[in-house]
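Visitor: One structure coming up, written as structure tokens, with questions to follow.
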Amino acid sequence: MFSDIYNFITYSEGKAPPELVTNLNQYFEKIANFVLENNRLLDKYPSDGIIALFEMPIYRANHAFSACRTALQHKKYCK
């Protein structure tokens, strides 16, 4: 799963650095918890994004279900 913040550059231009860091930390913590709750692997945090792996490094039969569940949790949180 790859997720990044829509229109992040425009969003970040209107924020003071401490506020932006606080907002990013809250976002990353929440989304990372969704991935970890579904027993999956956080791979990277590129810029304003998250990369999570659902079938690697260990194959799990329910990887597609876990990926979809995480995506739905993410969508609900970001509304």
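The values are calculated or read from the model by the stated rules, or taken from the named source; none is laboratory data. Please read all numbers here as calculations on a predicted model, not as lab measurements. Here the Cβ positions follow ideal geometry from the backbone for every residue, glycine too, while neighbour counts run over all protein chains shown.
Visitor: Identify the residue in the stretch 49-74 that is modelled with pLDDT under 90 and charged (D, E, K, R) and, among all such residues, is nearest to the chain's Cα centre (by Cα).
Guide: Looking at the filtered set, the residue picked out is E55.
Visitor: Given the chain, what strands (runs of 3 or more DSSP E) lie entirely inside it while holding 2 or more residues that are exposed (fewer than 14 other Cβ atoms within 10 Å of the Cβ)?
Guide: On the way: elements: 2-4, 41-44, 49-53.
Here the list reads 2-4.
Visitor: Just checking, does the stretch 15-24 include any residue being modelled with pLDDT of 90 or more, over 10 Å from the mean Cα position of the chain (by Cα) and of a type in the set (D, E)? Talk me through it step by step, then tell me what you get.
Guide: Looking only at the stretch 15-24, we keep the residues that are modelled with pLDDT of 90 or more, and these are 15-24.
Those left that are additionally over 10 Å from the mean Cα position of the chain (by Cα): 15-24.
Still in the running and of a type in the set (D, E): 19.
Yes, there is a match, as at least one residue in the stretch 15-24 is modelled with pLDDT of 90 or more, over 10 Å from the mean Cα position of the chain (by Cα) and of a type in the set (D, E).
Visitor: Using beta carbons and a limit of 8 Å, which pairs, at least six apart or on different chains, have the first residue in the stretch 24-48 and under 13 Å from F2 (Cβ atoms) and the second one exposed (fewer than 14 other Cβ atoms within 10 Å of the Cβ) and not β-branched (V, I, T)?
Guide: Between residues of the stretch 24-48 that are under 13 Å from F2 (Cβ atoms) and residues that are exposed (fewer than 14 other Cβ atoms within 10 Å of the Cβ) and not β-branched (V, I, T), the close pairs are I31/Y77; L42/L36; P46/D4; S47/D4; D48/D4.
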